[in-house]
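The structure appears below as structure tokens.
No lab work stands behind these numbers, since they all come straight from the coordinates. What you see is a predicted model; the values in this text were computed from it and never measured. Because the Cβ atoms are built from the backbone with ideal geometry, glycine has one as well, and the counts that use them run over all protein chains shown.
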Amino acid sequence: MKKFKKYLVIFEKTKTGYSCYVPDLPGCVATGKSKEMAEENIASAIQFHLEGMKEEGIKVPTPKTESELMFFTF
């Protein structure tokens, strides 16, 4: 039975599209001209990153990063 883990992905708007990264998987990054393309690219990057860790015998980290939106008035 496969184990599922849920990783937080941070998306940042750039001048040319989007950049994204996974805080719990250092070095796992992707870009895209649209957010949808960045989402597709980071999904592939995460899968590739995890498969590489498994092949190298590196323990896959347990996700620890969380997020929450906070609203302020000023």
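Which lysines does Lys2 reach when only Cα atoms under 18 Å apart count, and residues fewer than 8 places away in its own chain are ignored?
Reachable lysines: Lys54, Lys59.
I need the peptides 58-71, 2-15 ranked by packing, meaning the mean over residues of other C-beta atoms within 10 angstrom, with the highest value on top.
2-15, 58-71
Per the Kirkwood treatment, what hydrodynamic radius in Å, one decimal, follows for the chain from the mean inverse distance over all distinct Cα pairs?
For the chain, inverting the mean 1/r across all distinct Cα pairs yields 13.7 Å.
Amide H of Cys28: which non-local residues (sequence gap of 5 or more, or other chain) have their own amide H closer than 5 Å, using H built in the peptide plane?
Val22
If you line up the long axis of helix 35-56 against the longest principal axis of the chain, both from Cα atoms, how many degrees apart are they, to the nearest 10?
30 degrees
Efficiency by 1/(1 + (r/R0)^6): what FRET value for Lys35 and Leu8, r their Cβ-Cβ distance, R0 = 22 Å, to the nearest 0.05?
For R0 = 22 Å, the calculated efficiency reads 0.90.
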